[in-house]
1. Return yes or no: is A:Lys438 within 26 Å of B:Pro39 (Cβ to Cβ), more than 36 Å from the chain's Cα centre (by Cα) and open to solvent by 70 Å² or more (accessible area, probe 1.4 Å)?
2. Which residues, taken from the range A:277-324, are touching an Asp or Glu at 6+ places or on another chain (Cβ under 9 Å), in a helix (DSSP H, G or I) and aliphatic (A, V, I, L, M)?
3. How many residues are open to solvent by less than 90 Å² (accessible area, probe 1.4 Å), farther than 16 Å from B:Tyr7 by Cα and part of a helix (DSSP H, G or I) when one looks only at the range A:214-227?
4. Tell me yes or no: at least one residue of the range A:314-331 is among the hydrophobic types (A, V, I, L, M, F, W, C) and on the phi > 0 side of the Ramachandran plot.
5. Looking at the range A:390-407, can you tell me whether even one residue there is closer than 30 Å to A:Ile253 by Cα, open to solvent by less than 70 Å² (accessible area, probe 1.4 Å) and not charged (D, E, K, R)?
6. Looking at (1) within 13 Å of another protein chain (Cβ to nearest Cβ); (2) more than 27 Å from A:His349 (Cα to Cα); (3) open to solvent by 100 Å² or more (accessible area, probe 1.4 Å), which is the one condition that is false for B:Tyr29?
7. Looking only at residues in the range B:68-111 that are of a type in the set (A, V, I, L, M, F, W, C) and in a helix (DSSP H, G or I), which one is most open to solvent (accessible area, probe 1.4 Å)?
8. Hey, can you tell me all the residues within the range A:279-298 that are open to solvent by 20 Å² or more (accessible area, probe 1.4 Å) and either among the aromatic types (Phe, Trp, Tyr) or more than 9 Å from chain B (Cβ to nearest Cβ) (or both)?
Amino acid sequence: MPLNFKFATLISVTTHLRFMLRIQFKRFFTFLILVLALGFHTSALAFEGDAANGKKLFKANCAACHKLDKKLIGPALGDMTERRSAEWLVAWIRDNGALRASGDADAQAVFDEYNGMPMTAFPALSDQDIYDILQYSIEGDAPAVPQGGTPTPTGEPVATTPDYVLPMLFVLGAVFVLLLILLIKMKNTLRVVQGKDAESIGDEISAFRKGLVANKFLMTIGTLAVGIFVLYFAYWWLMGIGVEKDYQPVQPIAFSHKVHAGQNKIDCNYCHSSARHSKTSGIPSTNVCMNCHKYVDGSEIVDESGQLKYGGDRSPEIAKIYAAIGWDVDKLAYIEGYEQKAVQWVRVHNLPDLVYFNHAQHVTAGGVDCETCHGPVSEMDVLKQYSDLTMGWCVECHRETEVNTDNGYYDGYHENIKEKYHTDKITVDKIGGLECGKCHY
Amino acid sequence: MKNISQYISLFALAIGVLACNTDKTTPGYTFMDDMYVGPALETYSQTDEFGNNMAAQKPVEGTVPRNYTVYEFENTTEGYDLAKVELQMPDEFKGEESLKEGKELYGIFCSNCHGDKGDGQGHLVKIEKFPPVPGYDTRDLTAGSIYHVIMYGRGLMGSHASQLNNEERWKIVRYVQELRGDKVTTANATDTEVSEVVAEEEAKDQQS
């Protein structure tokens, strides 16, 4: 849209400069504002640009450091055409270093304000390209339609039992009791008809017990059955002690693996980077969170209905990271001399001290996928222990998993094992994976 | 007789109730706690021994961890410019092996934003969770400047020094140069001879 009101504005300004002497102060003031607004508007549009192409160029070249509506690495650019002339912007974007070298005070001021971090020069952009970008900065994006594909973590597991099961059981129980009472009533009625005395429920029960105690066979079977029942439950209860399968503690930050590993497809090893090198998989320190959350503050998270979950504010959960590491969200910088706090994550997978487990040995040497032991983590909003982590579970895997025999250094050794065990399949237990001292020492 | 049967049924009831620990936010019971929780400090455990109550401590001032490589360029614009010119990739990382490992590491640490081909079209950029990232070929980069940026970060990218050690950083640099189509040459050899040089060095290592 070619709009150049500059000349017309100039005429109107001079005309009204004379006119305003005669009008009242109040009216003059409103008029002044109007003229000023018009003046700014016209100077901004002293070029012709294609916003669609500008958007493309902006995304490719500028968006890594700039946003239209807020400060990022560099200043917000939505109002840049109001602050600077188009000529200045062209010169700055093309080669800001040269502009600074030419002694331009504005250029030097911006450079100093952003701690002497130079902007990349873009000599390849033509004047028209830059006009397109400027046009885009004025028009901006179409009114926001919330981005799909970012449902938020709810943190609550979905109930699997339907709601009507429990009331249904109560109703069935009531019907059963009712039928029993009816039966006794009918029996009593029949006894009265036959001319005998009616029996109370207490009489019925005592008669039943006497009959039961008299029946030695039934008593023996019954005692055995109860005994086995009790032993069965006692056994499984004792077996379950120390097994923390499905343990799902409440974490200090409502972190969702489903969002990070599932939707965002961040590799497990990105955050748990020490799993490749050390005994522990590594709880990421907050500086790793900040690699993304410097930018992602949760204000764009939408709920199921497509509304902004926090009304455009920062997520209170992500704010906990900022509080821990000392990140100033307004200045977009770490606070100097801040006393950093540790996020007190609750450990989910606890192996007893009597057993040694090493992540690097499994991840790097063994090439075992994380999911083999930790289950479908990328589907869990709240992380829980997926496997038993019992010794039987370890041993089973060691008996079944074949080892990598690519390393030529061990060829002779592997041949010996094949001969010794009369098999072509070299599993972990064949190379000592079941020796007590490998894990217990 | 009657007493015994009462005790048995009470016991069964107690077991039944205890077995129904449905609160999954608590860890449950252990047999002998002393066997589970040892006196030695675990990596992330709490302890009263140190001021900040953490078992994980930073190295004593003036010391460095084992296998630590000192990086002498500063995290400033001047440091970046200096590293770009002066920092050279050691020859040991120029072979095919580091290219292979570099590709793997790139897939873990870089491709989610920078894209599999280094064109800035990573998954996070595509789903618009992260702002667009410039492609490697649109910027003037050297091995030194790539290493420097992995070390300290640049712009919106944060430092990846805590996630990658010196060797891994160089392997990623090697792969990024491959994506850019840069020629990688050793100090005294041409491109084709690189793998031979590396093979010789490996042979020497094995002998010693």
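The values are calculated or read from the model by the stated rules, or taken from the named source; none is laboratory data. What you see is a predicted model, and the numbers here were worked out from it, not measured in a lab. Note: ideal-geometry Cβ built from the backbone for every residue, glycine included; neighbour counts use all protein chains shown. These area figures cover heavy atoms from the full protein model, side chains too; ligands, DNA and RNA do not enter into them. Shrake-Rupley method; radii C 1.70, N 1.55, O 1.52, S 1.80 Å.
1. yes
2. Within the range A:277-324, A:Ile318, A:Ala319 meet the criteria.
3. Counting residues in the range A:214-227 that are open to solvent by less than 90 Å² (accessible area, probe 1.4 Å), farther than 16 Å from B:Tyr7 by Cα and part of a helix (DSSP H, G or I) gives 7.
4. Taking every residue of the range A:314-331 in turn, none turns out to be among the hydrophobic types (A, V, I, L, M, F, W, C) and on the phi > 0 side of the Ramachandran plot.
5. Yes, the range A:390-407 contains a residue that is closer than 30 Å to A:Ile253 by Cα, open to solvent by less than 70 Å² (accessible area, probe 1.4 Å) and not charged (D, E, K, R).
6. Exception for B:Tyr29: condition (2).
7. B:Val85
8. Scanning the range A:279-298 gives A:Ser281, A:Thr286, A:Cys289, A:His293, A:Tyr295, A:Asp297.
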